[in-house]
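Read the structure below first, then the notes.
The values are calculated or read from the model by the stated rules, or taken from the named source; none is laboratory data. Remember, it's a predicted structure, so these values are computed and weren't measured experimentally. We place every Cβ from the backbone using ideal geometry, glycine too, and count neighbours over all the protein chains shown.
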Amino acid sequence: MQLFVTRRVDELGRIVLPMEIRRRLQIEADTPLDICLDNSGKIVLQKSKPFCKICGVDIGLTEVAGKSVFVCTICRQAIHETPPC
């Protein structure tokens, strides 16, 4: 079943995601979302996926200091192998 809801954009450019959609997608307060514009002009809104802050891959990730910043295994090894200045 497809869910279709219309919402208006307020004067600050905000919209409210309907509760039905938030529940279905398990979107809670402070859930990071990506907003993209595809080639056909559609706005795409999706839950953010973590990625390596250095190279951009999305596998083998470790969170850095609990800051929602991630580094992959390869970049982490390269950082540890780099001699200090």
*Is it the case that ILE27 is in contact with a helix residue (DSSP H, G or I) (Cβ under 9 Å, 6 or more places away or on another chain), without any contact (Cβ under 8 Å) to a residue 24 or more places away in the chain and of a type in the set (A, V, I, L, M)?*
yes
*So, of the residues in the stretch 62-82 that are part of a loop (DSSP other than H, G, I, E, B) and in contact with a strand residue (DSSP E or B) (Cβ under 9 Å, 6 or more places away or on another chain), which turns out to be farthest from ASP34 (Cα to Cα)?*
VAL64
*Quick one: which residue in ILE15, ILE59, ILE35 is of a type in the set (Val, Ile, Thr) and outside any loop (DSSP other than H, G, I, E, B)?*
ILE35
*Among the candidates GLY41, GLY56, GLY66, which residue alone is assigned by TED's automatic domain parsing to the domain that holds VAL16, among the small types (Gly, Ala, Ser) and surrounded by fewer than 11 Cβ atoms within 10 Å (Cβ to Cβ)?*
GLY41
*Do we find that LEU33 is outside the structural domain of ARG76 (by TED's automatic domain parsing), surrounded by fewer than 10 Cβ atoms within 10 Å (Cβ to Cβ) and either on the phi < 0 side of the Ramachandran plot or without any contact (Cβ under 8 Å) to a residue 40 or more places away in the chain (or both) in this structure?*
no
_Those residues of the stretch 38-56 which are assigned to a loop (DSSP other than H, G, I, E, B) and touching a helix residue (DSSP H, G or I) at 6+ places or on another chain (Cβ under 7 Å), in sequence order_ = ILE54, CYS55
